[in-house]
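Below is one structure, written out as structure tokens, with a few remarks after it.
The values are calculated or read from the model by the stated rules, or taken from the named source; none is laboratory data. Worth saying up front: this structure is predicted, and the values here are computed from it rather than measured. With ideal geometry, Cβ positions are generated from the backbone for all residues, glycine too; neighbour counts draw on all protein chains shown.
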Ligand code: SAH
């Protein structure tokens, strides 16, 4: 790469380039509904094909790199167009028939028409594209490793969280919204779900219909059942059902629970979460037990983890072990070192490091998840790990002021990435070891731009946690400069 005097020089150069790109954005005359031929040059972060019409980027969901298609413009914005495939003239040799007939209608199946080895290559490429876009220091030399995938990339998802609705003729449906809308697509089958989650889901749909349990109606903010959540533990066979409802009432609850006990013996925990009114959030604050246990137990890497209904757990149990192994390897914790598990969920990462570490501390914003994490420490006989409720950006600085300066930090933030204040604290504490587990390459690349002030990126290892989707997870090993 070009030699820069220093990092500021490097950044200024890239900033300048970015500004010019923007000013040069072509203005083209084009109308919605217009059709033209397009060659797909690459694929974007959401799995869409990208081609160029008179130098303007055109995003085409469902089109693959190398394909030649006639596309139809669906929306126009200042800097890019969106279009749909009208006809494919030359198909990619890697195009395959999707297993799910609705794959092109709902989110979460963006790559089901692409052969799996190419999906893995796509995910590695998305990491590279994000780095190109945010150009963290020295990015051209980063070791971006081939994505670790699954032998059988179906039937992996341990959780189905489906919206429920009732059609005019009284049929109850459960599924996902069509993209950019609130039109529900009923999903009687789903190839990426663990089969037990779909068996339970469809049985519940039948029971709600038979018992005439009122289903939530978004337009009138009436009715009760909004969402059904079925979560299965792959390694213990526990299954948890959560009814998310518009009010604390659940009409015909007694009959419903009787039928569940009779017809769904695999369900070990039945919960109700109350989320009143029209809201974009799926989960409400209050959760209560209806039958069975409060939690289900999953086993990962030789440890047992109890899970409350609202607590986050990775969606792909088989690949979670691969991901955590990579995190452990990247962290390379030495006996006696202290470690922070930031964004800890139910403590899965920190607890798997506790046998080597002198002390593990973690935090999460969901109180139930933190309670689970502390209970999980106890359940596994671990006495050197403690979890607190709070944000990483609040607690890490507090701990530092109180004298706790960890040797190692592992961060596993949501898609929004790391808070600026947290990054400042990490740079100030300057732990010897830093591992970033990311579920969003864009925010990862942006955050690396800051973290590389003090850290060197040793490598980026992507792991495919969500086959058939455009989602991309990566473990980044950072070390002090
Ligand atoms: N490491 C865990 C969970 C990762 S998901 C695992 O592998 O299972 C991200 C977690 O971050 C979620 O549990 C979420 O509740 C939590 N979270 C979101 N914002 C946070 C913040 N600002 N500080 C701490 N935790 C946060």
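Miscellaneous remarks
- Tally, over region 326-367, of residues that are within 13 Å of the ligand (Cβ to nearest atom), surrounded by fewer than 19 Cβ atoms within 10 Å (Cβ to Cβ) and either modelled with pLDDT of 95 or more or part of a helix (DSSP H, G or I) (or both): 3
Yes/no matrix, rows are residues, columns are (1) touching a residue at least 40 places away in the same chain (Cβ under 8 Å); (2) under 22 Å from the mean Cα position of the chain (by Cα):
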{"residue": "362", "(1), (2)": "no, yes"}
{"residue": "367", "(1), (2)": "no, yes"}
{"residue": "373", "(1), (2)": "no, yes"}
{"residue": "387", "(1), (2)": "yes, no"}
{"residue": "396", "(1), (2)": "yes, no"}
{"residue": "404", "(1), (2)": "yes, no"}
{"residue": "413", "(1), (2)": "yes, yes"}
{"residue": "425", "(1), (2)": "no, no"}
{"residue": "433", "(1), (2)": "yes, no"}
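- For region 451-461, the criterion of a residue being more than 19 Å from residue 145 (Cβ to Cβ), more than 23 Å from the chain's Cα centre (by Cα), away from the ligand (no atom under 13 Å from the Cβ) and outside any loop (DSSP other than H, G, I, E, B) is satisfied by no position.
- Only one of the listed residues (323, 281, 257) is within 16 Å of the ligand (Cβ to nearest atom) and assigned to a helix (DSSP H, G or I). That residue is 323.
- Among the candidates 16, 82, 2, 11, residue that is assigned to a loop (DSSP other than H, G, I, E, B) and either surrounded by 12 or more Cβ atoms within 10 Å (Cβ to Cβ) or modelled with pLDDT under 95 (or both): 2
- Among the residues making up region 371-388, those that are within 12 Å of the ligand (Cβ to nearest atom) and over 17 Å from residue 339 (Cα atoms) are 372, 376.
- Check on residue 228, at pLDDT 95 or above, in the same structural domain as residue 186 (by TED's automatic domain parsing), closer than 15 Å to residue 166 by Cα and buried (at least 20 other Cβ atoms within 10 Å of the Cβ): yes
- Which numbered condition residue 297 misses (of (1) within 13 Å of the ligand (Cβ to nearest atom); (2) outside any loop (DSSP other than H, G, I, E, B); (3) closer than 22 Å to residue 194 by Cα): (1)
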